[in-house]
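The values are calculated or read from the model by the stated rules, or taken from the named source; none is laboratory data. Quick caveat, the model's predicted, so the values are computed rather than measured. Ligands, DNA and RNA are stripped out before the accessible areas are found, and what is left, the full protein with its side chains, is counted by its heavy atoms. Shrake-Rupley method; radii C 1.70, N 1.55, O 1.52, S 1.80 Å.
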Amino acid sequence: RTGLSVARILKIYQKVAAFLLIPLIAAGILSWFIFQNQSGKLFSETFAPRGQKSQITLIDGTRVWLNSDTKIKYPATFSNKQRDVYLEGEAFFEVTKNAHQPFVMHTSKLDVKVLGTKFNIKAYADDEQIETSLFEGRVNLIVPETGKKKIPEEKELTPGQTLVFNKGENKLQEGKFLKEEIDGWKNNRLIFKDDTSCNLVKKVERWYDVKVVYDEKLFNDRRLTVELFEGERFERLMQIISLTLSVDYKYERGEIILTPKTNNM
């Protein structure tokens, strides 16, 4: 991706390491590398793979928690006008305040512009929605011009509010503020709060780095509310899912296979 020499990489690493702190949450492992874009600007990219969660601190002091299967890209130095970062996945931001240099977080479909605040954004590529939840301060969501829209749509969030952007319908609407779930994943606790089967499966796959094989009709509209504390075994979650949703499960070649309980057939 770069063509930089080993000596050059080491020099760059020394410079970047001077301002980039990478403490890990639990036993999380970061994939971190440096590259140049087409304009020659130097970027760093941090990736928390499935089954891992991590935390980084940017050059401006902004702290970022990365949930499983999350990638964040940021320049080695921010421009004088604004601080740009790029996200795919889910992350919680504690943004250092700077009235003269707004912090702009870019996703595939919308941008979040802040001066200094605490917010969570869930923007996985395979999800139909992008969810932004504000804990403190104020943020503006900016949806770029698309289709018939002549100007970008901009919406301000207030603390305790969640805005959901539907990718298919290309519109913003208010959603539920799930503080417990967000605080949970930051502290390595997996929480399902009246979760749909689709959300449940995606969380399990990302958190435990497995593939869940099931018939969607099996779950119908059933939902699950449960909290797993740090250190609890994966087997415990599967027992709860089995009892609550009346399914049997087995682990086979990296896949969790769910089938109806035989006595319910």
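Odds and ends about this structure:
- Expressed in units of 2.2 N^0.38 Å, where N is the residue count, the Cα radius of gyration of segment 194-265 is 1.04.
- For TYR124, solvent-accessible area (1.4 Å; no DNA, RNA or ligand), Å²: 10 Å²
- One decimal place: the segment GLU216-GLU153 gains 19.2 nm when fully extended, by the rule 0.36 nm per residue minus the C-alpha distance.
- Radius of gyration and Dmax over the Cα atoms of segment 116-265, both given in Å: 18.1, 58
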